[in-house]
Amino acid sequence: MELVLDNKVLEFVSDFKKPETISKVRKQALDALTGMDFPTTRVEEWKYTRVAKYVKRKYKQTQASTNIEEYAIADLNAHQLVFVNGYYDESLSTILDDDAVSVQKIDELDEEYYSDLVDGTEENVFSLINKAYQTGGVFIQIKKNKKANHPIHMIHVLEGEEVIANARHFVLAENGSKSEVIATFHSKNSANSFTNVVLEGHVESNASLTINKLQTEAKDVLHISNELFVQDESSNFLINTITTGAQLTRNGLDVIVEGENCHTEMNGAYLGTENQHMDNHTLIDQLYSNCTSSESYKGVMDGKSVGVFNGKVIVRQDAQKIAAYQSNKNILLSKTASVNSKPELEIYADDVRCSHGSTIGELDQEAIYYLRSRGISAASAKQLLVAGFIGDILDKVENEALRADIDELFLNDFGWKF
Amino acid sequence: MLTIKNLHASVEEGHEILKGLNLGVKAGEVHAIMGPNGSGKSTLASVLAGKDGYEVTGGSVDFDGVDLLDLEAEDRAKEGLFLAFQYPVEIPGVSNINFLRTAINEIREYRKEDKMSAKDFLAKVKTASNLVELDSKLASRAVNVGFSGGEKKRNEIFQMAMLEPKLAILDETDSGLDIDALRIVSEGVNKLRSEGRSIILITHYQRLLEYIQPDFVHVLNDGKIIKTGTKELALELEEKGYDWINEEIAQ
C-alpha cells in the first residue's frame, strides 16, 4: 500500500532521520508539526517573504567535515564550537580553560526547566522542524557571578548541496554572569542547502549577555533562524545581527522581558545585492516596569535585492515607565532594490516613552557632489556614504577582533572601508 | 591660470543663466565677483566646479592648459580647483579626517605622487585647523554635522588648506558670518594666498573685501561681467548699489 502524504510539512520531513530517543521537547514538536503548514504570503508575519519554492525541495541530513581554519577569526581567542550541517563536531571544536563556562550537548538541557521557561512563547513551523529533527547543538552555561574568560564562537558551516542543518542551541547566562557569544554562519559548495537554526537562551538576574551574529552564507542557500531570549530582572541583553549572505534570510528574534530594570538592545545591519532577500522580524515583549529597550536596524540594498523589517514592541498593561526606542533606516542603491518596513508598537500601559521610525531613501546626491568636489571619485564617495550610514551599527560590535573580521569582509565583498 | 571665454550655461530646464561670460585670472591674483541676486554668481561657481544639473551651451574654460569643462567634478579638484560651498553639506557618519584622507590620497594617486604618511597627514591637519581656529574635535567629527554656520565656513577653509588648490572659488563664504568669524575666515584665506594660488571671491557684500583685498572686482549682472575695476569699485557698489552701472552702460 502506498502512503499518500497530503501534508506538505510531513512530506518535507519524511526523509529525515527519526531521532533515537524521543524526548519531551521532540515529541511536542513532532506532534505540533502534524497540524502545521508552511506559511504563505497570506499570513501577515510572512507577507513579504515567500518560502514556497524552498520548502518544495528535498533536503538531506548529512554529516560532513570542514576546513575550520577558513572560518576561525584571527585574534579572537575564543572557545570555538563547530557545527557542520547542523551536527556538532567536537573534534573540530576547541574549548579553552575557563571556569566560568560549561559546554554540553543540547540534549543535556533540563527539559522541565526549558518547558517552563518557554511556556506561552510562539513557535513556527521552522522552529518546530528544528526541535523535532535537530541533529545537534550545544547547551552553554555561564556560571553564576562569573565573567567568561573568552568569547564563545559558534561556527556553523554548510558543506554540500541540498543539505539541511538543524542545529539547536541554548545559552543559560546565570545570575550575575557576563559573556559574549559570537555565532557565524558560512557555506561551501552548498547550492540549495538550508540552515534552519534555533538559538535560545535565558539571561538571569543581573546577568549580561552579548550576542554577535554574522551570517555570510553563499547566495544560493536558505537561512532561517529562530531566536528566543528570556530576560530576568536587572539583566542586560545585546544582540547584533549582521547579514550579508544567503539567497533568502529570515531572522526571527524574540526577546521576552520578564523582570524590572532590564535593558534590551538589538541592532542589525543587512546588506543585500543581486536578488537576495533579507527579512528581519523582531519582537520585544515588555511585561514589567522600568525597562529600557533600544532597537536599530539599517539596510543597504543594491541590485534587485529585497529587505524586510518588521519590529514589534509590546508594552503590557502593568509595564509602566518603559522607554522603548526603535528605528529602521534603509538606503536603496539601485532602482530595482526594495524594502518593506513595518515598525509596530503595541502599548497597553499608560506611562511609557516609546518612539519608532522608519526611513527608506537613496544616497544624498548633494553629499556625493560635495565629496567629489574634494577630489573623491563617485565610487569612493558612495562607499564613504554607505560606510557612514551603516558604521554606527557596526560600532556596536565592541569585540575588536570580530570587528576587524567584519571590516575585512566588507572590504572584500563590497569594497567598503571603515 | 583660468581663462573663461564667452561662457553660456543653462539649468537643465533650459533657462539660460550665464550669457557670454568672460574672465581671466592669472596665478596669484584675487578676483572678487559681485552682483545682485540672480545674476549668476553661484551658477558660475557650480559650472566651474562641475555640479550636475547645468548644461554648458557655449564657450570654453581653460584651466592651466586643461579643458575644465571636459572633466568630472572630482578630476577638476584633482587638477587643483577648489570650491568653498555657500551651503556646506552635512554628511552624517563620515568623519572630516577620514574623507580628507581619502581625498588627498586620491588626488596624489591622480598626480602620480606617493601617498601621504599618517604622520605628515596629522601634522597637516593640525596646521590647517589652527589656521582657521577650528577645534581639533571638529576636525574628527562627521562632516559639518552639528556645526554652527560659522564652523561650517571655517571647515571649508580648513579643507582648502588641506587640499592646497591652485584655484579656490569661495562662494559667499562670508554670508552668515558674524564679525569674529569673518575675521578668522578672512585671515585664514589671507594666509593661504601665494604666488601660485589664485582666488575667486563670490560675494554680495563689500565687507569681505576689507579683510581680503582683491586685485580686481567684477560686476556680474544677467549672466555677464558688465564692469571690472579695482577694490574701489566694491566701495562704490556698496554705496550706490548696482543700478548706476546699468545706467552707465545704457548711456
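Bear in mind these aren't lab numbers, they're just calculated from the coordinates by the rules spelled out. Note that the coordinates shown come from a computational prediction; the quantities given were computed from them, not determined experimentally. Here Cβ is always computed from backbone atoms with ideal geometry, including for glycine, and neighbour counts include all displayed protein chains.
Sequentially through the range B:192-205, phi angles give Karplus couplings (6.51, -1.76, 1.60; θ = phi - 60°) of 8, 5, 7, 4, x, 10, 9, 9, 10, 9, 9, 8, 8, 10 Hz, Gly and Pro residues having no value and appearing as x.
Charging the Cβ of each Asp and Glu at -1 and of each Lys and Arg at +1, and nothing else, the dipole of the protein assembly as shown about its Cα centre rounds to 1000 debye. Each of A:Tyr113, B:Tyr242 has some number of other Cβ atoms within 10 Å of its Cβ, and from fewest to most they run A:Tyr113, B:Tyr242. Considering only A:Asn340, A:Phe414, A:His263, the residue lying farthest towards the positive end of the dipole of the protein assembly as shown is A:Phe414, judged by Cα position with unit charges set on Cβ. Within a straight-line Cα-Cα reach of under 12 Å, A:Lys144 can be paired with the following aspartates and glutamates, leaving aside sequence neighbours fewer than 8 residues apart in one chain: A:Asp99, A:Glu174, A:Glu204.
Placing unit charges on the Cβ atoms only, positive for Lys and Arg and negative for Asp and Glu, gives the range A:365-418 a dipole magnitude near 400 debye about its Cα centre. Taking amide H as placed 1.01 Å from N in the peptide plane, A:Asn212 has its amide H under 5 Å from the amide H of A:Val181, A:Ile182, A:Ala183, A:Asn240, each at least 5 places away in sequence or on another chain. Spin-label model, A:Asp119 to A:Glu90: label points 7 Å out along the Cα-to-beta-carbon direction sit 3.3 nm apart. Using only Cα atoms, locate the centre of the range A:146-223 and the centre of the range B:94-108, then give the distance between them in Å, rounded to an integer. Spelled out, the Cα-based centre of one part sits 38 Å from the other. For B:Asp215 and A:Asn275, what does the FRET efficiency come to when R0 = 60 Å and r is the distance between their Cβ atoms, rounded to the nearest 0.05? According to the calculation, E is roughly 0.50. For peptide B:85-95, the mean count of partner chain Cβ atoms within 10 Å of a residue's Cβ comes to 6. Going down the table (A:Lys105/A:Lys178; A:Lys105/A:Lys213; A:Lys329/B:Lys126), which pairs top 28 Å between alpha carbons? Distance filter (> 28 Å) returns A:Lys329/B:Lys126. Couplings for the range A:253-262, taken from phi via the Karplus curve 6.51 cos²θ - 1.76 cosθ + 1.60 with θ = phi - 60°, read 10, 10, 10, 9, 9, 10, x, 7, 6, 8 Hz in order; Gly and Pro are left as x. Compared with the dominant principal axis of the Cα atoms in chain B, helix B:149-163 is inclined by about 70°.
Just A:Glu20, A:Glu122, A:Glu227 to compare: in a GNM of chain A, with alpha carbon springs under 10 Å, which one fluctuates most? Result: A:Glu20 has the largest fluctuation of those listed.
Dipole orientation for the protein assembly as shown: of the candidates A:Gly307, A:Ile284, A:Val352, A:Gly307 has the Cα lying most toward the positive pole (charges on Cβ; Lys, Arg +1; Asp, Glu -1). By other beta-carbon atoms within 10 Å, ranking A:Glu111, A:Glu400 with the fewest at the front produces A:Glu400, A:Glu111. Cα centroid separation, the range A:339-363 to the range B:185-251: 52 Å. Of all beta bridges that DSSP places with both ends in the range A:1-156, some 60 percent have antiparallel geometry. Just checking the listed ones, A:Asn67, A:Asn85, A:Asn330: in the Gaussian network model of chain A with Cα springs under 10 Å, the one fluctuating most is A:Asn67.
Based on the Stokes-Einstein relation at 4 °C and a viscosity of 1.567 mPa s, and on the Kirkwood radius from alpha carbon pairs, the range B:125-251 is assigned a translational diffusion coefficient of 82 µm²/s.
Evaluate the Kirkwood expression for the hydrodynamic radius of the range A:288-418, namely the inverse of the mean inverse distance over all pairs of different C-alpha atoms, and round to one decimal in Å.
16.8
Rg and Dmax over the alpha-carbon atoms of the range A:365-418 stand at 12.4, 36 Å. Taken over the range A:313-387, the convex hull of the Cα atoms encloses 103 Å³ per residue. Within the P(r) computed for chain B, what percentage of the Cα pairs occupies the region above 21 Å? Cα-Cα pairs of chain B separated by over 21 Å account for 58 percent. I'd like to know which of A:Gly245, A:Tyr369, A:Ile129 lies farthest towards the positive end of the charge dipole of chain A, counting +1 on Cβ of Lys and Arg and -1 on Cβ of Asp and Glu. Sorting the options by dipole projection puts first A:Tyr369. When each of A:Cys291, A:Cys354 is scored by the number of other beta-carbon atoms lying within 10 Å, the sequence from fewest to most is A:Cys354, A:Cys291. Our helix-only sum for chain B, with -39,500 (n - 2.57) per DSSP H run of n ≥ 4 divided by its residues, gives a mean residue ellipticity at 222 nm of -12000 deg cm²/dmol. Note on B:Glu236 and B:Asp64: the model spin-label points, each 7 Å out from Cα along the C-beta direction, lie 3.4 nm apart. Its Cα gyration tensor gives the protein assembly as shown an equivalent ellipsoid; the semi-axes, largest first and in whole Å, are 61, 25, 23.
Using only Cα atoms, locate the centre of the range B:46-92 and the centre of the range A:49-128, then give the distance between them in Å, rounded to an integer. Rounded to whole Å, the Cα centres lie 56 Å apart.
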